[in-house]
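J.: Before we start, here is the structure in question, set down as structure tokens.
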Amino acid sequence: MCVECGCGAPGQEVGGERRRGVVLPHLHHDHHEGEGHEGSGPGASLPLPEGPEVNRTIRIGQDILEKNNRIARDNRDFFREHGIFVLNFLSAPGSGKTTLLERTISALGTTCPMAVIEGDQETSRDADRIRRLGVQAVQINTGAGCHLDAHQVAHAAGDLELFPGTVLVIENIGNLVCPALFDLGETARVVLFSVTEGEDKPLKYPRIFREADLTLLTKSDLLPHLDFDRTWAESSLRGVNPRGETIALSSRTGEGFGLWLSWLLAHREKAGSLPQARG
Ligand SMILES: Nc1nc2c(ncn2[C@@H]2O[C@H](COP(=O)(O)OP(=O)(O)O)[C@@H](O)[C@H]2O)c(=O)[nH]1
Ligand SMILES: [Mg+2]
Ligand SMILES: [Zn+2]
Ligand SMILES: [Zn+2]
């Protein structure tokens, strides 16, 4: 749990310019007594090895997750009511999340409205990359924090113009550990697992892979240059998560992109996120 790494420490902020004039009502969440905008984390408290402080640390961790789950439920209700299809992209840093998004935006063109929430500890480089393609993006900088939480997503989504049928992608902080614990209110989870990471990651970090609706085996163009055992990797993925689907793809060559786009559009339709006829 993140009590140990100090995430949620002061300095987290939802950055980027403010966008107003929305078509839908803003995502809004109520603040319960004592809750503020300082982030969900426990501040700088570090667990002690034994004694009452250990229990206190566990309690703080449980409180954080309970509070997060409550806001995530509100987020999910809002997204569902307004026909917004939300994907939580999870992976280690550098596995190709932003590159995949860029190519997906280019492939879908104007047929599918998109919006992006970018999470990184520092910089707005990824949001800038998305905006260059004409797609609205909000950057969240977590400072010391190592995951996004539902509270941050509620505020960031409130800064976006979201239409019925919009695909909202949340690019989580690159980290295979605690992002798995924090429900953001997404419709589905997509885990990216690049072939350069070594095939044993699903066994070493099972939690994040277990809860994936889809695992994308990225950078497949590099397979001929590596000794990555794809069959072994796919069978360990199935062992950890028998219900999830897996697609191998390359954002460089476009291999597997047809399957990925079909998955995206089919799940968007299944989630009822297509524009509703008005009137
Ligand atoms: N060969 C190859 N490189 C890729 C692919 N996708 C991304 N990359 C590279 O991997 C690095 C990290 O990509 P990025 O999308 O920023 O990863 P993120 O940190 O997960 O968002 C960059 O140098 C990309 O050019 C791919 O499909 N094939
Ligand atoms: Mg990125
Ligand atoms: Zn708030
Ligand atoms: Zn964390």
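J.: Could you state how much accessible area Leu216 has, in square angstrom rounded to the nearest 10, with a 1.4 Å probe and all protein chains kept in place?
T.: Result for Leu216: roughly 0 Å² accessible.
J.: Under a point spin-label approximation (7 Å from Cα along Cα-to-Cβ), what is the Glu122-Arg210 distance to one decimal in nm?
T.: For the pair Glu122/Arg210, the computed spacing is 3.5 nm.
J.: Could you give the length gained by full extension between Asn69 and Leu133, i.e. 0.36 nm per residue of separation minus their alpha carbon distance, to one decimal place? Don't skip to the answer; put the middle values down first.
T.: Values: separation 64, 0.36 × 64 = 23.04 nm, distance 3.29 nm.
Fully extending the segment from Asn69 to Leu133 adds 19.8 nm.
J.: Magnitude of the Cβ-charge dipole of the stretch 50-270, K/R +1 and D/E -1, about the Cα centre, nearest 20 debye?
T.: Details: 25 positive and 31 negative charges, 59 e Å.
Dipole magnitude for the stretch 50-270 comes out near 280 debye.
J.: Which one, Gly198, His151, Asn172, projects farthest toward the positive side of the charge dipole computed for the stretch 151-235 from Cβ point charges (K/R +1, D/E -1)?
T.: Gly198
J.: Next question. Checking the a/c ratio against 1.5 first, then a/b against b/c, what shape does the Cα gyration tensor give for the stretch 50-270?
T.: Details: a/c = 1.63, a/b = 1.10, b/c = 1.48.
The shape class here is oblate.
J.: In the stretch 182-279, if the dipole is taken from +1 on Lys/Arg beta carbons and -1 on Asp/Glu beta carbons about the Cα centre, which of Ser220, Gly185, Trp232 is farthest to the positive end?
T.: Result: Gly185, furthest along the dipole toward the positive end.
J.: Lys97: which lysines have alpha carbons under 25 Å from its alpha carbon, excluding same-chain residues fewer than 8 sequence positions away?
T.: Partners found: Lys201, Lys204, Lys219, Lys270.
J.: A further question on this structure: Counting pairs of alpha carbon atoms under 8 Å apart in space and at least six apart in sequence, what relative contact order in percent does the stretch 150-279 give? Display every interim value, and only then the final one.
T.: On the way: 149 pairs, mean separation 33.0, N = 130.
Dividing the mean separation by the residue count of the stretch 150-279 yields 25 percent.
J.: Once amide H atoms are placed 1.01 Å from N in the peptide plane, what residues at a sequence separation of 5 or more from Thr246, or on another chain, have their amide H within under 5 Å of its amide H?
T.: Thr215
J.: Using r as the Cβ-Cβ distance of Asp221 and Glu81, and R0 as 45 Å, what FRET efficiency do you calculate, to the nearest 0.05? Walk me through the numbers on the way to the answer.
T.: Values: r = 40 Å, r/R0 = 0.90.
About 0.65, to the nearest 0.05.
J.: I would also like to ask the following. Students sometimes get this wrong: rank Asp126, Asp63 by accessible area, probe 1.4 Å, all chains present, largest first. The partial results should precede the final answer.
T.: Values: Asp126 20, Asp63 85 Å².
Largest accessible area first, the list is Asp63, Asp126.
The values are calculated or read from the model by the stated rules, or taken from the named source; none is laboratory data. Just so it is clear, the structure is predicted and the values come from calculations on it, not from any experiment. Cβ: placed from backbone, ideal geometry, glycine included. Neighbour counts: every protein chain shown. We work out accessible area using only protein heavy atoms, side chains counted, and drop any ligands, DNA or RNA first. Shrake-Rupley method; radii C 1.70, N 1.55, O 1.52, S 1.80 Å.
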